[in-house]
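Take a look at the structure set out below.
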Amino acid sequence: MTRPLDVGDLVGAFFGTLFVVLNAGLLGPVWHLVAALVALACAAVVVAAFLRRRRGTGSGGMFPLTRSYRLIVAIEVVALFGGTAVLGRLAPQLLVPWVVLVVGVHFLALARWWHVGARPFAVLGAVLSVIALAGGVIGVLGGAASAPVAAFVAGVGAGVVMLGGTTPRAVRALRS
């Protein structure tokens, strides 16, 4: 059976890449492209390690999608869509920080649910929440004009943290 950490690495690599690609525009076109390519390369390494691990262990199937897991994901989806609908009208500069905060809290909930191997999820959830709050403070203090900076801090910060957490594990797995 696939471990939660393996699935977490795939999810982290996917969303970390998405955060970087969508929010690195302040870097300018050339550096935005470079950041996007680096993020995609990191995600490819994570996917390669995941596939190698699955092949090596002969594991099929996913971890059990229990009621608790489905509840956590359902709450996350409602918070993401509900929060972005409200913030899109009231404070659009807080959209990306809100998404990062919801993702961070989601990882904190998963860490509580997955008792074995939960530490990486708890650390990730806490760090993402702090990054989201930093982006949110920028958004609140700077008003609507601060939207690109708030998105960069929260979005690219979250992407770098997520890719920085998943890629080294993947590199170690590919070396072993």
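Please determine whether any residue of the stretch 15-23 is of a type in the set (Ser, Thr, Tyr), surrounded by fewer than 17 Cβ atoms within 10 Å (Cβ to Cβ) and closer than 25 Å to Ala122 by Cβ. Taking every residue of the stretch 15-23 in turn, none turns out to be of a type in the set (Ser, Thr, Tyr), surrounded by fewer than 17 Cβ atoms within 10 Å (Cβ to Cβ) and closer than 25 Å to Ala122 by Cβ.
Looking at the stretch 75-176, the helices (runs of 4 or more DSSP H) lying wholly inside it that each contain 2 or more residues that are crowded, with 18+ Cβ neighbours inside 10 Å and of a type in the set (Val, Ile, Thr) sit at 95-113, 119-142, 157-175. Against the numbered list (1) among the small types (Gly, Ala, Ser); (2) surrounded by 14 or more Cβ atoms within 10 Å (Cβ to Cβ); (3) modelled with pLDDT of 95 or more, Ala41 comes up short only at (2). Just one of the listed residues (Gly82, Gly104) is free of Cβ contacts under 8 Å to residues at least 24 places away in the same chain and not β-branched (Val, Ile, Thr), and it is Gly82.
Only one of the listed residues (Ala118, Ala109, Ala126, Ala91) is in contact (Cβ under 8 Å) with a residue 12 or more places away in the chain, hydrophobic (A, V, I, L, M, F, W, C) and in contact with a helix residue (DSSP H, G or I) (Cβ under 6 Å, 6 or more places away or on another chain). That residue is Ala109.
The residue of the stretch 48-63 that is modelled with the highest pLDDT, among those that are surrounded by fewer than 16 Cβ atoms within 10 Å (Cβ to Cβ) and part of a helix (DSSP H, G or I), is Ala48.
The values are calculated or read from the model by the stated rules, or taken from the named source; none is laboratory data. On a predicted model such as this, the values are computed, not experimentally measured, just so you know. Please note: Cβ atoms are built from the backbone with ideal geometry, for glycine as well, and neighbour counts cover all protein chains shown.
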